[in-house]
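Trainee: Let me begin by handing over the structure; questions about it come next.
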Amino acid sequence: MSEDYYRFKTNSSLDDDGFMTIPEAATSLPFIESADCGENEEIPWYWGMLGSYILTFEFGKYKMENFQGNTSGVGVWDYLNWYILEVDEEKGQALLLADKCVAKKCFCRDDDIPRDDVVSVWEKSELRDFLNNKFYEDAFNEDEKGFIVPRNKYEDKVFILNEECVREKFRYENIRDGEIHYIDDSTGETKVLHDLIDWWVETKGSEYGHMCVVAPNGHIDTCGREMSSDIVGVRPAIWVNLRKLVEYGCKKGAVFAKLIED
């Protein structure tokens, strides 16, 4: 495959499989020259990627749950890939969304729901604690932790998207479906199964005690689900140092991204 492919010459006449590699030049963020530009023009190397490409090298992993939502004791791990949703050119950082749900968890227990708006639901939520402690420690090795940049006002390392971010930065409903991989160990055999489920959005629902979710069809359900529901999926988001991440992927010899077709 030609290295020019990363210049977004993505059309049906190309004799390839839809993947692109990121050559060494791409690590000179924030810009590289493009043959598609006029003389002396520059565009970001990720131009055209946002919301349409998925990282395809393994970055992070999690231990799959069984049917009952309990972490399986058989040690089956699933690797994560990531959508690029936003790039902060000034800081050289990118907002990534996991390609699948990593667990089914309640958002917040009934007794922990704030009775006013002084304290946000997210701040006190069980979900926030899970993502920034157990999931973070289990999912990422020390190298990977070094790429993750706390960004929100709580300095969370891992978080979930709010409704505005889903609508603006993850626009295509046909790729929003929340797939989860889980274990069937009920028969003594270990089988990996897939399912489509709702996933949490960090925005209050229209009914009291509810949070918005993205439904399996990709629509945002603004009525939402009860915060105490433990059958809703968790889809992590992170900010990363993009230059370091690309360098890490190139050293692994990994294919970096694939176009998501409409």
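Trainee: How do F59, F140, F107 rank when sorted from fewest to most other Cβ atoms within 10 Å of their own Cβ? Walk me through the numbers before you get to the answer.
Mentor: Details: F59 26, F140 21, F107 29.
Starting with the residue having the fewest Cβ neighbours, the order is F140, F59, F107.
Trainee: In nanometres, what is the gap between the two model label sites at K91 and E164, each 7 Å from Cα along Cα-to-Cβ?
Mentor: Those two pseudo-labels are separated by 1.6 nm.
Trainee: If you don't mind, another one. Mind listing which GluC sites (Glu not before Pro) in the stretch 142-234 are in a DSSP loop and have 16 or fewer other Cβ atoms within 10 Å?
Mentor: On the way: sites: E142, E144, E155, E163, E164, E168, E173, E179, E189, E202, E207, E226; in loops: E155, E189, E207.
Passing both the DSSP loop test and the Cβ count: E155, E189, E207.
Trainee: Now for a separate question. Specify, per residue and in Å³, the volume enclosed by the convex hull of the alpha carbon atoms belonging to the stretch 60-242.
Mentor: 118 Å³
Computed from the coordinates by the stated procedures, all read-outs in this text should not be read as laboratory data. All figures in this text were calculated on a predicted structure; none of them were measured in a lab. All Cβ positions, even for glycine, are placed from backbone atoms using ideal geometry, and neighbour counts span all protein chains on display.
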